[in-house]
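Novice: I'd like to ask you about the structure that follows.
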Amino acid sequence: MALSDVALNRTNRRTISPRLGLAAGAVAFLLVAHAALGQSLAQVQSAPPMGEGVKALTASDWLAITIRIAAPLVLVILFLADFIRPGSFQRAGKRDVVAYQWPVWLFGAFVVVSAQIFGAQAFSQITELWEWLAGQGGPVQSLGESETRDEALTQLGSVLFGAFAGGVMVYLLNKREHDEGMRFGAGDIPLGLLAVLIAFPVVAAAGEASRLAFQYASGEEQSTVAHATLEMIRQNSDDPWTWVIIVTAILGAAIIEELIFRAFVQTALLRMMGSAWLAVIITSAVFALVHRVGDAVPWHAIPALFVLGLAIGVAYERFKGLGVPIAMHAGFNAINIALVLWMADPTPQATQYDERGMPITEQVEPGQPQPAQPGAQPGSGGQR
């Protein structure tokens, strides 16, 4: 046996299987979260009466602590599992995407985006048609203005048309004799949900670090809710149309964006350059920057979106099942929406600043206008 073969065998014996690595990461994250929350409860139960200037750690504080501890732990486990080592894709085997040239794969993304635009415009006309019928004395009554309803209909049309077009393109480009990653496996959904549980601490830590860096550089408070649809959901949680937005943000956005960026753009780059890592990195950069279109998200949210794209792209290349990135994206959106609804303060607050630049929070009576908060930059768009 050659010396290189001996060295390779020794290296392989030191690695952890990918699925075992994911399981280990999930267990580690849950243990850290349990320990942090348990310590929080113990501190609350044994804490003496609070004096002036003493601040108890909230659930949000302990969630941040858990994320900061779990993020480096997850990276170490992924490295040991040979997920993010140099050459990991070559050792695992790259997707077989030679059935078509790269422009064909890229055309799939163009078809989905075009269908999205058409669907959004078509559904946005529903209320106008309804109002026209009401004005003509038809068997309907005027609906009145509703920003939440109009946004829900626009997103719904975009998702329905885009998903249909994407499904047709996947069907046409799927070659049974190739392993190009266009198929759904029975275990893709649970595997993707497990993967997003692993990736979430790293993505959240990158987002928090970026937010604090921008806050330090600009001297202005940066909004923790860095998405306008998340802000709309938070402010209109009691509106029935908000549930349409939530469903389209969780499921629709995951399906559409993963078809565009992973199934078609990342595959086109892999076919064109032959490097899985380059394909993942470039696709993740495009994925993040696209969310800036129309100021959809503030600049400080871009690094977190880039890291999210890396995590989803790596998982797609490793497991080669289209359901994995879709489940990861849906899980990530669901976690963000749940956190926004859980941590939302139902009482509007006005934020003022003293001579030292420190925030002074005071209650605002319901129904009164809320002063603009410096530095708050919610974006537009409902999904990441």
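Novice: Name the residue that is surrounded by the fewest Cβ atoms within 10 Å (Cβ to Cβ), counting only residues in the stretch 309-338 that are small (G, A, S) and without any contact (Cβ under 8 Å) to a residue 60 or more places away in the chain. Spell out how you get there, then give the answer.
Specialist: Keep residues of the stretch 309-338 that are small (G, A, S), which gives 309, 311, 313, 315, 321, 323, 327, 330-331, 334, 338.
Imposing the further condition that a residue be without any contact (Cβ under 8 Å) to a residue 60 or more places away in the chain reduces the set to 309, 313, 338.
On the way: G309: 27, G313: 25, A338: 12.
If we take residues in the stretch 309-338 being small (G, A, S) and without any contact (Cβ under 8 Å) to a residue 60 or more places away in the chain, then A338 is surrounded by the fewest Cβ atoms within 10 Å (Cβ to Cβ).
Novice: Being assigned to a helix (DSSP H, G or I) and on the phi > 0 side of the Ramachandran plot, is that true of even one residue in the stretch 284-291?
Specialist: No - not one qualifying residue is present in the stretch 284-291.
Novice: Might you let me know whether the stretch 81-102 holds any residue that is touching a Gly at 6+ places or on another chain (Cβ under 9 Å), assigned to a helix (DSSP H, G or I) and buried (at least 16 other Cβ atoms within 10 Å of the Cβ)? Full working, then the answer.
Specialist: Taking the stretch 81-102 as the starting set, the residues that turn out to be touching a Gly at 6+ places or on another chain (Cβ under 9 Å) are 81-83, 94-97.
Narrowing the set further to residues that are assigned to a helix (DSSP H, G or I) leaves none.
Checked the stretch 81-102: no residue is touching a Gly at 6+ places or on another chain (Cβ under 9 Å), assigned to a helix (DSSP H, G or I) and buried (at least 16 other Cβ atoms within 10 Å of the Cβ).
Novice: Here's another thing I want to ask about it. Looking at the structure I just gave you, is T66 farther than 25 Å from L322 by Cβ and modelled with pLDDT under 80? Walk me through it before giving the result.
Specialist: Numbers: farther than 25 Å from L322 by Cβ: yes; modelled with pLDDT under 80: no.
Criteria not met by T66.
Novice: Pick from the stretch 246-268 the residues that are of a type in the set (D, E, K, R) and under 13 Å from the mean Cα position of the chain (by Cα): which of them is farthest from Q235 (Cα to Cα)?
Specialist: Per the stated criteria, the residue is E258.
Novice: Residues that are more than 18 Å from I335 (Cα to Cα), at least 1 per element: which helices (runs of 4 or more DSSP H) completely within the stretch 196-282 meet that?
Specialist: Values: elements: 228-235, 240-247, 253-258, 267-273.
Correct list: 240-247, 253-258, 267-273.
Novice: Surrounded by 24 or more Cβ atoms within 10 Å (Cβ to Cβ) and either of a type outside the set (D, E) or touching a residue at least 60 places away in the same chain (Cβ under 8 Å) (or both): which single residue out of I282, I245 fits that description?
Specialist: Criteria check complete, one pass: I245.
Novice: Part of a helix (DSSP H, G or I) and either outside the structural domain of A315 (by TED's automatic domain parsing) or buried (at least 18 other Cβ atoms within 10 Å of the Cβ) (or both): does that describe A134?
Specialist: no
Novice: Now for a different question. For a quick check of your reading of the model, give me the residue pairs whose first member lies in the stretch 96-115 and is more than 17 Å from E258 (Cβ to Cβ), whose second is at pLDDT below 95 and small (G, A, S), with beta-carbon atoms closer than 9 Å and at least 6 apart or on different chains.
Specialist: Hits for this filter: D96/G181.
Novice: In the stretch 249-279, what residues are without any contact (Cβ under 8 Å) to a residue 24 or more places away in the chain and among the aliphatic types (A, V, I, L, M)?
Specialist: Once the filter is applied, which keeps residues that are without any contact (Cβ under 8 Å) to a residue 24 or more places away in the chain and among the aliphatic types (A, V, I, L, M), the stretch 249-279 yields M273, L278.
Novice: Now a separate question. If I go through the stretch 153-193 residue by residue, how many of them are aliphatic (A, V, I, L, M) and farther than 27 Å from T242 by Cα?
Specialist: Selection size over the stretch 153-193: 8.
The values are calculated or read from the model by the stated rules, or taken from the named source; none is laboratory data. Note that the structure is a prediction, hence the values are computed from the model and not measured. Counting neighbours? That spans all protein chains shown, and the Cβs are built from the backbone with ideal geometry, glycine included.
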